[in-house]
Structures are given as structure tokens and as C-alpha cells.
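Throughout, read-outs are computed from the coordinates displayed, never taken from laboratory work. Because the structure is a prediction, the values reported are computed rather than measured. Cβ sites come from the backbone with ideal geometry, for glycine too, and all protein chains shown count toward neighbours.
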Amino acid sequence: MLTVNNLNVYYGESHVLRNLELNLAPAESLAIMGRNGMGKTTLLKSLVGMLPARSGSIQLVGEELIGRKSYDRVAAGIGFVPQGRMIFPYLSVEENILSGMQGAPTARIPNYIYEYFPVLFEMRRRKGGNLSGGQQQQLAIARALVSNPKVLILDEPTEGIQPSIIKDIARALNQLKKERGFSLIVSEQVLSFAMAVADRYLIIEKGEFVHSETQETLDRERILRYLTI
Ligand SMILES: Nc1ncnc2c1ncn2[C@@H]1O[C@H](COP(=O)(O)OP(=O)(O)O)[C@@H](O)[C@H]1O
Ligand SMILES: [Mg+2]
């Protein structure tokens, strides 16, 4: 589904992602785990086209994404839920969702969005800025879903969100994934959430993958050591 080869990303002279390789199968869920500052956001932003790559290749179903603008990558099938959610505070919930759609503003929000996130229906006329953190996260996910992604990418979706809502979000993502058939990449520091959604785990340290685990062979303690040292 998604293949990343030899990806190198810099901020100025600072070499932040080093020769990253990544393969994501259809319908697979991958968690990218690592402490603050290890390169998770940089990686996800470079997949989405918000940061340029110095070298390397990012292919979505065989199509090269490097050099293409973000909106073009979204049209090709990349959905993105940014760290901190980045919803539009002065737009209504409905307008926020529509902003993720091709053909907005005349397009209609598909029914399944409100079925999965009933609170967004209740609040559809409210300003995005008036929602709680958990509700904003659901809104950011809804906004990414309406572009019909083949790969949905979430950057630290649990950050600043209550445990009960985190569970709801994991459940919704798993059901949506089954029903809509997308693959998932999620960056996380919260292992319980990653374990609820991921089939496979990659640990990133200083812009390099240093360890990987699958759901079957998961060594919890080992992953926790990477997250806490
Ligand atoms: N805009 C930026 N300019 C320069 N350096 C940055 C910028 N954003 C992040 N970095 C640096 O790149 C590294 C990776 O950061 P980031 O991808 O945000 O990590 P994470 O998401 O894992 O917390 C860190 O050392 C961080 O300080
Ligand atoms: Mg980050």
C-alpha cells in the first residue's frame, strides 16, 4: 500500500530523518513509537507533503508522492490527522468536516461520519473551538476520513485526551478501518492505545528505526523502555 525507501529529511543543516524504510500492507495498522523529539511528526509530515524530503521515495500503491503537494497527496489517498488536531476554531463543526472534502462547500457529509461520531452531529452548528479536546480529535478524524483515504495517518492522537475518550477513539478507528478498508499509521507514546489499534510497532530514535515488533510477539517491557529512558 505504502512504501518508503531511503527517506532523508533535514531542517536546514540538521539531518532529522535518516534513511528511513517503511512498508505498509493493505489494511495493516502500524504504530510508530518514540519519545518527544525523535522524529515522529517529521516523518508523518513528510509523508503528507508538509515537509520536503532531501532524498528518497514515498510510493502509494506504486505512485510516487515525492515532489507532489499536500492536496495532491490527499487526493491520491493520504489522510492526515495532525498533532494538536489543528481544527478551525471559528468554523462550525460541519464546516470543519467539509473542509476535508473534495467539492466543498456544496458536498454533503456522508452519513457514516455522524453514525461513528454522534457527538459531532449534536454539535454540528457549534464552533470547532468550543469542543472539548476529545471532541476535537473526533472532528479531526472525521475531516480526514471524508477524503476517503487509503492510508489514514494520525500524529499522537491521544495527546491531552481523557482515557475514556481514548478508548472510544480506538474502538471507532478499528471499526472504521474494517468497514472502510484503509490502512493506518499512528504515531504514539501511549502503549495501551497503540496496542488497541496496531498490528505492528516501529520504534524511532533520533530519526532512525531501531526496533520493531508485531502484535503476536509484542514485548511490552522492551517497548516501554524505549519510551521512558
Ligand atoms: N521546524 C523545525 N525546525 C528545526 N528543527 C525541528 C523543527 N521541528 C522539529 N525539529 C527537530 O526535529 C527533531 C524531531 O522532531 P519531531 O519530528 O517533532 O519529533 P516528535 O514528533 O517525535 O516529537 C527534534 O530534534 C526537533 O527539535
Ligand atoms: Mg510530534
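Under the criterion of Cα pairs below 8 Å and six or more residues apart, the relative contact order for the chain equals 28 percent. Taking one equal scatterer on every alpha-carbon of the range 23-78, how large is log10 of I(q)/I(0) by Debye at q = 0.15, 0.19, 0.26, 0.31 1/Å? The Cα Debye sum returns log10 ratios of -0.47, -0.74, -1.19, -1.32.
Could you compute the net charge surrounding Glu28? Neighbours are other residues with a C-beta less than 13 Å from the C-beta of Glu28; K and R count +1, D and E count -1. Combined, the nearby Lys, Arg, Asp and Glu give +3. Counting every other Cβ atom within 10 Å of each residue's Cβ, Thr106, Thr214, Thr41 order from fewest to most as Thr106, Thr214, Thr41.
For the chain, what Kirkwood radius comes out of the mean inverse Cα-Cα distance, in Å?
17.8
Counting only residues at least eight positions apart within a chain, or on another chain, the aspartates and glutamates with an alpha carbon under 19 Å from that of Lys206 are Glu13, Glu21, Asp155, Glu156, Glu188.
Averaging Cα coordinates gives a centre for the range 159-229 and one for the range 1-75; these two points are 18 Å apart.
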